Amino acid sequence: MMNLIIVKIGGNAISQLNHEFFEQLRQWRQAGKKVLLIHGGGPQISKLATQLGIPTNKQHGIRVTDAATLALTKMVLLGDAQPALLKRLADAGLPAIGLNAADQQLLTGNYIDQEKYGYVGNIIGVNELILSKILADQIGVLSPLALTKAGEWLNVNADTAAADVARLLKASQLYLLTDVPGVLKGGEVISALIPQDVSQLIADNVISAGMQPKLSAAVKAVHAGVQAVRITDQLTHPGTILKMGVND
């Protein structure tokens, strides 16, 4: 999709977004860019699960999702995290609309490994026609849930969802906002990476378990044609940029 910028926002980050974040979105829209925000809600899901006595089980950074966890995840993402982000955008005077997989089959997905992870998937299809029309006038705020062709809901890691959507729509840029200023090595931000660097950093145990899903998703997006993926704590900070043919 021409001039599409996708920004993934973690659940904790929604309440911490600053004035510069909203101004950057405003500038992108004024420049004719289409903006899609994909939000997480992991901390809120974990907190509510604890309160309800539902065990939290993560493997390789993926939340194992049984029926109870799936119901809780949908409740948090669609009933708490998304409305909170929409309220922040409205307060900043930005037109935005909440979206999910059930909106005209917006997102379709497949199970990753149902026996191992339960109702966890990745995204294999996007209703580009509908989404393009929506983003022409408003900022989209999309939850990382997908529906199988049989109509079953799937929980999708928000970083993976953002990268999948960016890949399928051939977005020009993908931002993965996190709670650190970028990919760190020895306490310093690595300013630029190429995909080949990532596997080596993982092999050398330089990258934390929490950062690995982000980088794996970023590599897939770049290989699929996304021009650049930036991992940072703020849109106005350079962070770490991942793209083909660029090295530190």
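The values are calculated or read from the model by the stated rules, or taken from the named source; none is laboratory data. As the structure is a computational prediction, the values presented were derived from the model and not from experiment. Neighbour counts are summed over all protein chains in view; Cβ atoms, including those assigned to glycine, are modelled from backbone coordinates with ideal geometry. Heavy atoms of the whole protein, side chains included, go into the accessibility calculation; ligands, DNA and RNA do not. Shrake-Rupley method; radii C 1.70, N 1.55, O 1.52, S 1.80 Å.
General remarks:
- Ordered by 1.4 Å accessible area with all protein chains kept, 1, 75 run largest first as 75, 1.
- Electrostatic dipole magnitude of region 4-242 [Cβ: Lys, Arg +1; Asp, Glu -1; Cα centre; debye, to 20]: 320
- Accessible surface of the chain [probe 1.4 Å, protein heavy atoms]: carbon and sulfur percent: 50
- Straight-line cross-link partners of residue 149 among the aspartates and glutamates, defined as a Cα under 15 Å from its Cα and at least 8 positions apart when in the same chain: 103.
- Shape call, region 4-242: gyration tensor on alpha carbons, a/c limit 1.5: rounded
- Neighbour-limited loop hits for chymotrypsin sites (Phe, Trp or Tyr not before Pro), region 75-153 (at most 13 other Cβ within 10 Å; DSSP other than H, G, I, E, B): none
- The sum of -39500 (n - 2.57) across all DSSP H runs of n ≥ 4, divided by the residue count of the chain, sets its helix-only mean residue ellipticity at 222 nm to -10500 deg cm²/dmol.
- Of the trypsin sites (Lys or Arg not before Pro) in region 143-248, the ones in a loop by DSSP (not H, G, I, E or B) with at most 14 other beta carbons within 10 Å are 149.
- For region 3-93, the dipole from Cβ point charges (+1 on Lys and Arg, -1 on Asp and Glu) about the Cα centre works out to 200 debye, to the nearest 20.
- Here region 105-124 and region 56-75 have alpha carbon centers that stand 12 Å from each other.
- Karplus (6.51, -1.76, 1.60) ³J(HN,Hα), θ = phi - 60°, over region 231-242, in Hz, Gly and Pro reported as x: 9, 7, 9, 8, 4, 8, 9, x, x, 10, 9, 10
- With protein chains left intact and a 1.4 Å probe, residues in the chain average 45 Å² of accessible area per residue.
- Candidate lysines - alpha carbon under 16 Å from residue 58, same-chain residues fewer than 8 apart omitted: 47, 116, 214
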